[in-house]
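The next block holds one structure in the form of structure tokens; read it before the comments.
What follows draws every value from the coordinates through simple rules; no lab data is involved. Keep in mind that what you see is a predicted model, and the values were worked out from it rather than measured. Glycine also receives a Cβ, built like all others from the backbone with ideal geometry; neighbour counts cover every protein chain displayed.
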Amino acid sequence: GPVSPGGYDFQRRAWFEQLGGVGFVTGSCMAAELGPPPAALGVMLAIAQARARASAVIQAAAPGRGGAFLAAVATGDRSALSRADAEALQLSGLAHLVSVSGLHMVLVCGFVFAVLWRVAAAVAPLALRVPPQKIAALGAIAAGAAYAVFTGGDAPVMRAFVMAATAFGAVLIDRPAISLR
């Protein structure tokens, strides 16, 4: 427990961070071969690398402060924003613009839905058998899930994905996607 009443409780924090143990060494460390990472960790690392590459491409195409802002908006990678720019966004009440959330999910899912709906409607044999908006809704849900995973799956993006999936799920079961009830 904490050293003093109400003090910092390292045990509690370690439990919430799922740390099984901590320690220290008094001698020199030796390198060890760890082998390949577990499959889930490998997938998470691949997604993080893809996000970093996308951020680097955006920053290379638009160098400077604008590229850093665009990278933050598109990928959720805010590491390129200067401390002054991040503080200015917070002080002006605009920090939510670089937090991947509802706006970004609407743009991704809405774009995919609109494109797939038009493509599915243009293919007559398909459109006569399956309603094009249902094909588009499935594609939009898949795109939203992929975008949520790509951007790191923070709470705001997951909340936005659940809301988008609910609306597109309503399209799939022939219910109004937007209702006042």
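Descriptive notes on the structure:
- C-alpha center-to-center spacing [the stretch 1-61, the stretch 112-181] in angstrom: 35
- Computed from phi, the 3J(HN,Hα) profile of the stretch 53-69 under the Karplus parametrisation 6.51, -1.76, 1.60 (θ = phi - 60°) reads 5, 4, 4, 5, 5, 5, 5, 6, 6, 10, x, x, 5, x, x, 5, 5 Hz, with x in place of Gly and Pro.
- Among 14-23, 135-144, 169-178, the peptide with the highest mean count of other Cβ atoms within 10 Å heads the list, and the full ranking is 135-144, 169-178, 14-23.
- Highest average first, the peptides 113-121, 33-41 ordered by how many other beta carbon atoms sit within 10 Å of their residues are 113-121, 33-41.
- Rounded, prolate or oblate (a/c below 1.5 giving rounded, otherwise prolate when a/b exceeds b/c) for the stretch 60-104 by Cα gyration tensor: oblate
- A simple rule links phi to the HN-Hα coupling: the Karplus curve 6.51 cos²θ - 1.76 cosθ + 1.60 with θ = phi - 60°, which for the stretch 93-100 gives x, 10, 5, 5, 5, 9, 8, 5 Hz, with x for Gly and Pro.
- All-pairs alpha carbon distance profile, the stretch 7-116, 10 Å steps from 0, percent: 11, 23, 28, 25, 11, 2, 0
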